[in-house]
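First comes the structure, then the notes that go with it.
The values are calculated or read from the model by the stated rules, or taken from the named source; none is laboratory data. Computed from a predicted model, the values in this text were never measured in an experiment. Cβ placement follows ideal geometry from the backbone for every residue including glycine, while neighbour counts extend to all protein chains displayed. Each accessible area value is taken on the protein alone, full model and side chains, heavy atoms only, with ligands, DNA and RNA left out. Shrake-Rupley method; radii C 1.70, N 1.55, O 1.52, S 1.80 Å.
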Amino acid sequence: MKIQLLVACLLLLNLPSTADRIQVGQDFPVRSIGTALKMAKDGDEIVVHSGVYQEHELKVTRSITLTGVG
């Protein structure tokens, strides 16, 4: 029984994370990098599509991936 419990715990540790991908751009619901940073949780990815973003004092306070596209 103990071995089965140990195997079950190890399998749970290998489950994929529930990280979200937040898309930022003119054609997406999120149009501000600042808004995306506020929405993001640890492990999330923020994908910033090409464009001009008028942003001020952006602060990254979580462990995220920030990717530029285009």
Given (1) modelled with pLDDT under 95; (2) in a loop (DSSP other than H, G, I, E, B); (3) polar (S, T, N, Q), index of the condition Gln4 fails:
(2)
How about region 39-53: which of its residues are touching a residue at least 12 places away in the same chain (Cβ under 8 Å), outside any helix (DSSP H, G or I) and among the aliphatic types (A, V, I, L, M)?
Ala40, Ile46, Val47, Val48
Count - residues of region 7-25 that are assigned to a loop (DSSP other than H, G, I, E, B) and either among the small types (Gly, Ala, Ser) or modelled with pLDDT of 95 or more (or both)
3
Counting only residues that are surrounded by 11 or more Cβ atoms within 10 Å (Cβ to Cβ) and either in contact with a Gly (Cβ under 6 Å, 6 or more places away or on another chain) or not in a loop (DSSP other than H, G, I, E, B) (or both), how many does region 26-37 have?
6
In region 54-66, which residues are in contact with a helix residue (DSSP H, G or I) (Cβ under 9 Å, 6 or more places away or on another chain), surrounded by 10 or more Cβ atoms within 10 Å (Cβ to Cβ) and either modelled with pLDDT under 95 or assigned to a loop (DSSP other than H, G, I, E, B) (or both)?
Glu55, Leu58, Val60, Arg62, Ile64
Looking only at region 39-53, how many residues end up being small (Gly, Ala, Ser), under 10 Å from Gln26 (Cα atoms) and open to solvent by less than 50 Å² (accessible area, probe 1.4 Å)?
0
